[in-house]
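Here, each number is a calculation from the coordinates, and none is a lab measurement. Bear in mind that the values here come from a model prediction, so they are computed numbers and not experimental data. Cβ placement follows ideal geometry from the backbone for every residue including glycine, while neighbour counts extend to all protein chains displayed.
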């Protein structure tokens with residue numbers, strides 16, 4: 001039977017726990033030995049508890065359901081009042097390190113084997129949550145309950161099991177500093193010295209004094225005011241004899257004012273100086289306790305790092321479809337206090353010298369586009385602690401308009417081409433396919449086209465940031481077959497093209513079978529939605545060549561879609577869109593166009609050609625430059641006659657005997673005839689083509705001729 005842990009957890013928030021005396025007292029992730037991890041539990045009650053069918057669970061990272069193997073606590077049997085039990089990740093290693101035997105081995109996938117960012121809980125034999133450390137669903141990294149390379153120990157006065165975690169109940173040591181966490185101490189813990197399995201400060205009545213921060217022997221970052229954190233247990237620190245006594249302390253062997261409270265100690269510091277703090281509990285007469293309680297720590301305050309790096313900017317030296325170079329500027333202040341060594345793993349470092357100037361601009365020049373930079377600044381070790389890096393990402397040096405004719409070799413992989421890159425890996429790439437798509441009134445297509453379907457890599461092309469105005473993209477596309485999965489999505493289909501800010505999808509073009517995949521029609525959606533976008537009221541046919549224009553108006557947060565716009569608007573002003581609306585998730589910039597292969601249930605078989613990205617409608621709708629009957633001719637000796645055709649045949653001539661691919665398209669771009677011929681003079685039968693106006697396209701050895709054709 002599957003246990004509903006989340007429901008159990010929720011119910012236990014409002015349920016009184018009859019076995020609340022079983023608590024977690026310590027969790028360990030030793031910095032020097034991951035195999036010595038363990039969880040310590042304790043019976044803080046007055047009666048023994050039979051732990052048969054009780055168990056320990058772990059939620060890893062941000063998971064909302066427990067992960068890994070549960071650890072049964074049955075082998076422990078009855079845990080008596082005041083007794084501990086140790087659940088070790090590796091029992092052999094635990095005994096070697098700590099010199100005592102664990103009660104249970106949990107294994108490397110069990111609940112005791114935590115790297116410090118997990119949540120761990122005890123459940124009883126009715127699957128009721130008893131006690132918990134951490135917050136299920138929240139990744140512990142960077143939170144108050146992270147104990148990576150350290151440990152967490154329950155506060156001495158918290159002896160009641162709790163089903164919700166509170167920082168105030170715990171002291172946590174870890175290899176990280178977390179702001180705003182009072183009891184979270186940035187100090188790694190090494191086994192065995194920093195751990196005490198089978199013991200807990202809450203089980204003793206003897207006075208104790210613990211300095212928790214800074215850790216002994218540590219070097220802290222430069223500060224002009226150090227803070228020493230400490231805690232006192234089983235001893236009432238108070239003034240005027242109203243408590244058990246007070247605290248005497250010294251700083252570098254110099255006596256300081258007595259403390260009658262447990263507030264943090266603060267004192268002024270100088271960089272590059274070592275400080276020793278000694279603290280001792282004394283009785284109300286100022287005498288040492290019968291068993292002295294004191295602690296000494298020593299720590300060093302690092303030298304100051306005065307230089308500060310401010311704004312970092314990148315500038316392209318050129319913006320082309322090829323590989324360009326760029327420069328970097330790094331503004332700085334606080335210079336002139338040390339001799340600085342500046343290095344970069346790419347480019348040439350120059351500009352203002354922070355060793356000589358208090359402020360200025362450091363430059364890195366001549367970096368190849370697509371190459372990121374690691375910049376390092378290091379001060380003179382005698383008077384500066386500066387030793388830091390800045391990671392600088394390459395800008396995209398590709399200006400608009402961007403035009404992609406897919407003029408690559410047939411069957412070439414798109415992501416291998418200079419303008420394209422994979423952003424999500426898969427075994428199925430987008431491929432170049434021979435031939436092209438055309439649309440009446442639009443500039444005649446060049447090069448080849450691309451094709452893809454089903455699940456596969458997502459491929460992106462990037463360009464310079466567009467932060468204002470309207471960005472347009474247009475392309476020709478043809479859906480040749482619907483989704484091939486066993487459960488094709490007919491609710492919202494799948495999106496196959498998107499505008500993006502870096503790799504974050506912004507607006508998406510969708511294709512949805514309408515009414516279903518048993519038919520041959522579909523509709524088109526567009527918007528910022530990640531599901532259920534608005535769709536066109538019209539449907540379109542498999543095999544039709546469609547001309548799509550999409551736009552994002554960044555100033556007014558509006559998105560628009562045009563399908564087969566009137567050629568009369570080409571190179572002019574944008575007409576009324578077929579689909580449009582407000583963009584609820586309008587980005588601050590757009591700099592990426594992505595072709596997406598989602599899944600076999602969502603992505604149909606698609607061909608795409610003539611991709612254009614620009615800032616105006618005119619730039620993405622170039623006109624057909626037809627003059628007389630010939631639209632474009634690159635073929636020597638090309639002729640096609642008669643035109644108009646009154647009979648059943650058409651003669652095609654050229655100066656070459658090379659093979660020729662013949663295509664005839666109707667005025668909405670759908671291919672109605674195709675054949676191949678060779679030789680210098682050929683007659684082809686077009687009797688199967690209905691009367692009307694068409695576009696004839698002939699391709700010979702990568703040369704193209706197109707011509708209007710009338711069949712009567």
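A compact table of results
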read-out	value
Ranked by how many other beta carbons lie within 10 Å on average, peptides 130-136, 430-436 from highest	130-136, 430-436
Gain in span if fully extended, residue 412 to residue 63, counting 0.36 nm per residue against the direct Cα distance	121.5 nm
Label point distance in nm, residue 424-residue 634, each placed 7 Å from Cα along Cα→Cβ	3.6 nm
Two-site FRET efficiency, residue 464 against residue 193, from Cβ-Cβ distance with R₀ of 45 Å, rounded to 0.05	0.20
Nitroxide proxy distance, nm - points 7 Å out along Cα→Cβ at residue 343 and residue 290	6.3 nm
Gain in span if fully extended, residue 520 to residue 538, counting 0.36 nm per residue against the direct Cα distance	5.1 nm
Over the stretch 5-204 - Rg/Rh using Cα atoms and the Kirkwood inverse-distance radius	0.92
Euclidean distance between Cα centres, the stretch 331-377 to the stretch 154-196, Å	41 Å
Cα-based shape type of the stretch 181-262, given that a ≥ b ≥ c are square roots of the gyration tensor eigenvalues and the cut on a/c is 1.5	oblate
Theoretical ellipticity at 222 nm over the chain - DSSP helices of four or more residues, -39500 (n - 2.57) apiece, nearest 500	-500 deg cm²/dmol
Label-zone membership for the stretch 255-290, site residue 227, 7 angstrom Cα→C-beta point, backbone N under 14 Å	263-268
Mean Cβ neighbour count within 10 Å, used as a protection proxy, ranking 251-258, 409-416 highest first	409-416, 251-258
C-alpha center-to-center spacing [the stretch 655-694, the stretch 426-483] in angstrom	25 Å
Separation in nanometres of the label points that stand 7 Å from Cα toward Cβ, at residue 218 and residue 274	1.8 nm
Packing rank of 444-456, 478-490, where each peptide gets the mean count of other beta carbons within 10 Å, highest leading	444-456, 478-490
Identified option (computed Rg and Dmax of the Cα atoms in Å; candidates (i) 30.7, 93; (ii) 36.7, 124; (iii) 25.1, 73)	(ii)
Three-way shape call for the stretch 541-631 based on the alpha-carbon gyration tensor, with the a/c threshold at 1.5	oblate
